[in-house]
Amino acid sequence: MSKFVVVLVLLLSPLLSIAKKPLSTAAAEPAQAVLVFDRTAHRIVENYNASAVLPIASITKLMTVYAVLESGANLDQMIVITRQHIENSRNLKPGMRVSRRDLITLSLVASDNLAAKTLALAHPSGYDSFIDTMNSTARQLGMTDTVYMEPTGLLLNKSTAWDLHLLNTAIRKHPEFAKAAMTAQTQTDTVNIKGIIHRVLIRNTSMFAGKYDISVGKTGFTNPAGWCITMLVAHRGREFDIIVLGSPDKKTRNNLVSTKLRDYMNAVTASAVIKDIDILEQSQ
């Protein structure tokens with residue numbers, strides 16, 4: 001063998017060995033945590049890292065609104081919007097007057113950060129007291145791994161899929177959550193500085209809004225949190241939670257939720273059909 005061939009083989013050997021190695025096909029996890037909980041049967045259907053403490057982004061606003069509703073504050077009171085440092089809005093401008101009720105709608109449906117911050121600022125006992133109330137309420141509900149730093153989700157508020165399941169249990173008693181979860185789009189009125197009424201069209205941040213019988217539903221996204229969602233859904237007389245935290249992108253999150261919805265609903269429907277057949281056979 002000539003020296004040229006030997007040198008060529010030596011040079012190509014590392015490349016040949018690399019070519020023999022299988023290329024990595026590992027895909028990113030569809031989520032950092034997933035919980036599917038059958039409320040009717042009181043059992044966990046699926047649990048992936050449901051106890052992992054993770055940032056929850058705008059899912060925070062569920063507790064924000066719950067704290068407002070539990071406070072008994074006048075929902076029809078008009079509140080003046082003030083400029084904030086990091087909380088922005090497509091719908092609200094400083095100087096506008098908006099009812100507490102409409103701020104709740106903006107927070108839940110449009111996930112409006114300025115609306116949520118304004119709800120906290122308008123708390124009768126003040127902003128800091130409101131944040132304390134959010135955290136004390138979490139403890140009362142058994143949400144032992146949940147911490148709220150502010151009312152929007154822009155900062156690192158943290159929780160677990162299991163704790164969010166407990167929150168769904170508590171907040172479902174307020175019809176405002178179901179109404180928001182079932183609203184694909186709606187309108188709300190604001191009053192500008194000149195006293196002129198301005199009607200705002202708002203669209204739900206969740207693609208699932210209005211498509212199912214949803215009692216609680218809220219999406220969230222920040223870079224640290226990834227794409228998140230929590231839902232409490234009814235189907236054929238049964239209720240279940242689907243909670244996803246930390247998906248890498250919106251499409252992955254939505255596809256994951258769609259799969260869980262389809263699988264669970266198909267299982268419930270099949271069970272109902274079998275039950276109906278059993279009843280029919282027993283009656284013959």
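Here, each number is a calculation from the coordinates, and none is a lab measurement. None of the values given here were measured: they were computed from a predicted structure. Neighbour counts run over all protein chains shown; Cβ positions are idealised from the backbone, glycine included.
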Matching option when the condition is buried (at least 21 other Cβ atoms within 10 Å of the Cβ) and part of a loop (DSSP other than H, G, I, E, B), among Gly210, Gly153: Gly153
Looking at this structure, is Thr188 in contact (Cβ under 8 Å) with a residue 60 or more places away in the chain, part of a strand (DSSP E or B), surrounded by 15 or more Cβ atoms within 10 Å (Cβ to Cβ) and not charged (D, E, K, R)? yes
Where residues in the range 202-248 are free of Cβ contacts under 8 Å to residues at least 60 places away in the same chain and among the polar types (S, T, N, Q), which of them is farthest from Val268 (Cα to Cα)? Asn223
Restricting to the range 122-134, name every residue that is buried (at least 16 other Cβ atoms within 10 Å of the Cβ), out of contact with any His (no Cβ under 6 Å at 6 or more places or on another chain) and not in a loop (DSSP other than H, G, I, E, B). Ile131, Thr133, Met134
Which strands (runs of 3 or more DSSP E) sit wholly inside the range 26-99 and have at least 1 residues that are among the acidic types (Asp, Glu) and in contact (Cβ under 8 Å) with a residue 60 or more places away in the chain? 33-38, 43-48
